[in-house]
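The values are calculated or read from the model by the stated rules, or taken from the named source; none is laboratory data. What you are looking at is a predicted structure, and each value in this text was computed from that prediction instead of being measured. Don't worry about glycine lacking a Cβ; one is built from the backbone with ideal geometry, like all the others, and counts go over all protein chains shown.
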Amino acid sequence: MNTVHRNSFYFYRTIFIFLLWISQINPLYSETAPADKAKVITDNSTITRIQKPLIVRSDKETMEYFMEHVEELTKQGKDFKKRDLILEVRGNGRYGIQMPSKQITGEFELLERQPQKAIYLGRGNATVFFSFSGAIVLVVDYTTQNDEAGSYEEVKTSVYLKFDNTFLGLIARAASPILNPKLDKLITKFATKTKKVVEAAYANKTGMK
């Protein structure tokens, strides 16, 4: 075998091995129970974003209602436009989700409720520079606080995103200086809109102006 043919052989063999490796990449959580999936995702996330706590002028009861009835956010929130968020109620705490402006589609569910915590698990597809599929865990922690204006809920949002494809996950990590600020902006945008809906509902409930 001459040098040219030998080099070509090694080149194509390397490409074949690489493509075979890519084709065998499956989600680590494919055969696990939902609660275990969430742990796998949080422990092996491609991207993790933990937001600065947000002050929500509401009582715990009102806030927890929206956590358990997410569809009410888009029904009561005038700021939630269809190009930003479309929710489809599928029952048993499950929702279909579309975000046309971000080219995101998928579904999610309220996975677990704990005292002062809600955990959501979702799956979907998105296009951000490149197309990918993956899973996401959203953890919402909250505590009741008091200041001179009265009581409020201090809410912390944590997002764990895991790509299905390990190779694309490596690319995403390399591009984190670009991707992370965009993701932070998106999380902040929806957290702020949610805050407005919850506070408006609480004001109507208590007769506050």
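Would you say Glu153 is in contact with a Pro (Cβ under 9 Å, 6 or more places away or on another chain), assigned to a strand (DSSP E or B) and either more than 22 Å from Arg83 (Cβ to Cβ) or among the aromatic types (Phe, Trp, Tyr) (or both)? No.
In the stretch 149-168, of all residues being surrounded by 14 or more Cβ atoms within 10 Å (Cβ to Cβ) and among the hydrophobic types (A, V, I, L, M, F, W, C), the one that is farthest from Gln51 (Cα to Cα) corresponds to Leu168.
A single member of Met67, Met99 is touching a residue at least 60 places away in the same chain (Cβ under 8 Å) and surrounded by 14 or more Cβ atoms within 10 Å (Cβ to Cβ), and it is Met67. If you check Thr48, Thr14 for being at pLDDT below 90, over 30 Å from Tyr202 (Cβ atoms) and not basic (Lys, Arg), only one passes: Thr14. If the condition is being part of a loop (DSSP other than H, G, I, E, B), exposed (fewer than 14 other Cβ atoms within 10 Å of the Cβ), touching a residue at least 12 places away in the same chain (Cβ under 8 Å) and out of contact with any Ser or Thr (no Cβ under 8 Å at 6 or more places or on another chain), then the stretch 70-85 contributes only Lys82.
Matching residues to (1) hydrophobic (A, V, I, L, M, F, W, C); (2) in contact with a strand residue (DSSP E or B) (Cβ under 9 Å, 6 or more places away or on another chain):
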| position | (1), (2) |
| --- | --- |
| Phe163 | yes, yes |
| Thr166 | no, no |
| Ala174 | yes, no |
| Ile178 | yes, no |
| Pro181 | no, no |
| Lys185 | no, no |
| Lys189 | no, no |
| Glu199 | no, yes |
| Lys205 | no, no |
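Quick one: would you say Val139 is closer than 29 Å to Lys78 by Cβ, touching a Phe, Trp or Tyr at 6+ places or on another chain (Cβ under 8 Å) and in a strand (DSSP E or B)? When the stated conditions are applied, Val139 passes them. Every condition in (1) of a type in the set (Phe, Trp, Tyr); (2) within 19 Å of Ala38 (Cβ to Cβ); (3) touching a residue at least 40 places away in the same chain (Cβ under 8 Å) is met by Phe132 except one, and the failing one is (2). Only one entry of Ile171, Ile187, Ile178 meets the criterion of being of a type in the set (A, V, I, L, M), surrounded by fewer than 15 Cβ atoms within 10 Å (Cβ to Cβ) and farther than 19 Å from Gln116 by Cα, and that entry is Ile178.
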